[in-house]
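J.: Handing you this structure, nothing more for now.
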Ligand SMILES: Nc1ncnc2c1ncn2[C@@H]1O[C@H](COP(=O)(O)OP(=O)(O)O)[C@@H](O)[C@H]1O
Ligand SMILES: [Mg+2]
């Protein structure tokens with residue numbers, strides 16, 4: 001799968017939840033906001049119109065015709081806004097053929113008497129003295145047939161202002177509520193995903209060897225996954241153990257016949273009729289023996305079974321193995337020189353790494369004249385463990401050859417020629433590098449350099465308990 005779908009399916013669960021919360025919260029608040037403002041505007045308008053209709057009726061009640069036929073008010077309208085010039089609230093009474101009577105707020109302007117054309121209060125939008133207006137009209141017919149036209153106009157901005165103020169307040173409140181809901185949603189995403197962090201921690205502990213399965217309490221949704229993983233781990237471990245036992249059995253079952261062949265060949269080489277042939281048999285049997293020992297050692301080392309991704313704190317490695325070798329070789333001096341500020345964590349199973357270090361220290365101690373120097377230092381992303389001795393060293397040509405299976409450069413010393421071969425094979429599994437170089441200073445001898453991958457610091461903290 002490529003393109004946007006692949007990117008979508010790789011989106012983190014936290015991002016998915018946050019996007020869902022964001023979409024849901026903003027859609028929800030927007031819809032409620034819209035409905036609330038619409039409903040409020042309709043109610044305010046209704047209320048406004050009803051109040052103004054009362055004003056028109058009041059105007060009609062207070063109006064009468066003088067004897068000369070001119071309209072007049074018995075007393076002013078109760079709302080004082082009609083007295084303030086250009087206040088936005090205007091009234092007018094007109095009788096056909098006479099100059100109209102208007103509120104003080106009109107300040108000499110006139111309203112259209114045609115707005116009043118019905119005997120009940122009607123309202124329409126029209127141009128007013130101070131901008132667009134809502135106008136209300138009412139016609140009253142006197143006993144003598146004279147028609148009085150009552151018109152009231154209010155600036156549309158009066159109504160708009162009311163709705164606007166409400167909308168502004170509501171928007172502020174909704175923004176606050178939306179932000180609160182969003183924050184709660186993000187927090188919820190965190191709480192929901194916490195068991196996954198716990199699962200990861202359990203996995204880290206398992207890979208480090210701190211637990212032999214995934215341990216911890218998990219919610220019902222995650223528990224089946226953990227159970228399946230644990231069953232898989234158990235099954236795998238059983239299969240690996242069985243394979244190791246079989247490999248061991250095979251090696252042991254070959255041992256006895258091989259010993260018999262070797263014995264027989266030795267005798268024939270000494271006093272048989274064809275000593276040349278017997279010697280060939282003897283050499284081949286020797287090679288077979290070495291190969292069996294090598295592979296048996298690899299099967300026994302956890303390298304083959306150890307889980308990839310295991311990590312080990314350096315301090316749990318170097319110090320114990322150095323102490324052990326100091327006891328094994330009391331007449332040699334072991335010195336550690338660490339150029340590290342902290343205790344780094346390296347990639348690799350502890351048992352595997354101990355095996356490699358033991359091979360290097362064993363060689364150094366066997367050949368050293370007096371002192372073995374172990375240096376620890378950072379080398380870019382990796383860590384360098386250098387084991388140096390002050391012994392005879394090696395010829396340049398042998399530096400690489402010494403890693404061969406069964407290769408022994410000095411047959412007088414005890415050994416099987418397997419140490420370096422096994423060490424390098426473990427290193428290959430761990431992504432580590434193992435090399436030998438000549439030492440020239442401060443003493444002559446051999447340096448075995450082990451470069452291991454270090455776990456980045458920010459990760460290392462979570463790998464430790
Ligand atoms: N520190 C050293 N100084 C000199 N020679 C060494 C050193 N380490 C290893 N060698 C040589 O490399 C050969 C292979 O070493 P190794 O694989 O460890 O075999 P072994 O199991 O016999 O020690 C040894 O036989 C020895 O001749
Ligand atoms: Mg050795």
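J.: Between residue 45 and residue 194, what is the FRET efficiency for a Förster distance of 60 Å, r being their Cβ-Cβ separation, to the nearest 0.05?
T.: Calculated transfer efficiency: 0.70.
J.: May I ask you to derive the relative contact order of the chain, considering only C-alpha pairs under 8 Å and at least 6 residues apart, and to give it as an integer percent?
T.: That works out to 9 percent.
J.: Still on this model: Test of understanding: what is the full-extension gain from residue 6 to residue 74, defined as 0.36 nm times their sequence separation minus their Cα-Cα distance?
T.: Gain on stretching residue 6 to residue 74: 16.2 nm.
J.: Extending each Cα 7 Å along its Cβ direction at residue 225 and residue 169, get the distance between those two points in nm, one decimal.
T.: Roughly 4.9 nm, to one decimal.
J.: Distance between the C-alpha centers of segment 343-371 and segment 98-160? Whole Å please.
T.: So the separation of the two Cα centres works out to 105 Å.
J.: Fewest first, what order do 13, 394 take by the number of other Cβ atoms within 10 Å? Provide the component values of the computation, followed by the final result.
T.: Details: 13 11, 394 19.
Ordered by Cβ neighbours within 10 Å, fewest first: 13, 394.
J.: While we're looking at this one, here's another question. Need one word for segment 311-362: rounded, prolate or oblate. Basis is the Cα gyration tensor (sqrt eigenvalues a ≥ b ≥ c); a/c below 1.5 gives rounded, then a/b vs b/c decides.
T.: oblate
J.: Gain in length, residue 83 to residue 331, computed as 0.36 nm per residue apart minus the alpha-carbon separation, to one decimal in nm?
T.: Values: separation 248, 0.36 × 248 = 89.28 nm, distance 11.75 nm.
Roughly 77.5 nm would be gained on extension.
J.: Please list the radius of gyration and Dmax for segment 81-151, considering alpha-carbon atoms only, with Å as the unit.
T.: Spelled out, the Cα radius of gyration and Dmax of segment 81-151 are 12.0, 37 Å.
J.: 222 nm [θ] for the chain, helices only, -39500 (n - 2.57) per DSSP H run of 4+, per residue, to 500?
T.: Values: 10 runs with 240 residues, N = 465.
Dividing the helical sum by the residues of the chain leaves -18000 deg cm²/dmol.
J.: Another question about this same structure. Give the shape of segment 26-100 as rounded, prolate or oblate, defined through the alpha-carbon gyration tensor: a ≥ b ≥ c are the square roots of its eigenvalues, a/c under 1.5 means rounded, and otherwise the shape is prolate if a/b is larger than b/c and oblate if not.
T.: Values: a/c = 3.81, a/b = 3.49, b/c = 1.09.
Cα axes put segment 26-100 in the prolate bin.
J.: If neighbour count is taken as other Cβ atoms inside 10 Å, put 154, 37 in order from fewest to most.
T.: Listing 154, 37 from fewest to most nearby Cβ atoms yields 37, 154.
J.: Sort the following peptides by mean Cβ neighbour count (other Cβ atoms within 10 Å, averaged over residues), highest first: 67-80, 169-182, 131-144.
T.: Per-residue Cβ counts within 10 Å, averaged per peptide and sorted highest first, yield 131-144, 169-182, 67-80.
J.: Of all the Cα-Cα pairs you can form in the chain, what percent are over 27 Å apart?
T.: Value for the chain (Cα pairs over 27 Å): 74 percent.
J.: So for segment 223-300, Kirkwood radius off the Cα pairs, Stokes-Einstein at 20 °C and 1.002 mPa s: how many µm² s⁻¹? Intermediate results must be reported in sequence, preceding the final value.
T.: Values: Rh = 15.2 Å.
The estimated diffusion coefficient comes to 141 µm²/s.
J.: Additional query: Taking the Cβ-Cβ separation of residue 266 and residue 287 as r and a Förster radius of 25 Å, what is the calculated FRET efficiency to the nearest 0.05?
T.: In this case the efficiency is close to 0.95.
J.: Now for a different question. Using Cα atoms only, what is the angle between the long axis of helix 275-300 and the major principal axis of the chain, expressed in degrees (0 to 90) to the nearest 10?
T.: So the helix axis and the longest Cα principal axis differ by about 30 degrees.
J.: Moving on. In segment 10-202, what is the volume of the convex hull around the alpha carbon atoms, normalised per residue and reported in Å³?
T.: 138
J.: Angle between the Cα long axis of helix 315-328 and the longest principal axis of the chain, 0 to 90 degrees, nearest 10?
T.: The helix 315-328 is inclined about 10 degrees to the chain.
J.: Could I ask something else about it? What is the fewest-to-most order of 225, 451 by other Cβ atoms lying within 10 Å of their Cβ? Could you put the intermediate results ahead of the total?
T.: Details: 225 13, 451 19.
Ranked by crowding around the Cβ, least crowded first: 225, 451.
J.: Using the alpha-carbon atoms, what tilt in degrees (0 to 90, nearest 10) does helix 350-367 show relative to the longest principal axis of the chain?
T.: Around 40 degrees separate the two axes.
J.: Further question: Give the shape of segment 290-426 as rounded, prolate or oblate, defined through the alpha-carbon gyration tensor: a ≥ b ≥ c are the square roots of its eigenvalues, a/c under 1.5 means rounded, and otherwise the shape is prolate if a/b is larger than b/c and oblate if not.
T.: Oblate.
All of the numbers you see were taken from the coordinates with simple rules; none came from a lab. Quick caveat: nothing in here was measured; it's all calculated off a predicted structure. Glycine gets a Cβ as well: all are built from the backbone with ideal geometry, and neighbour counts include every protein chain shown.
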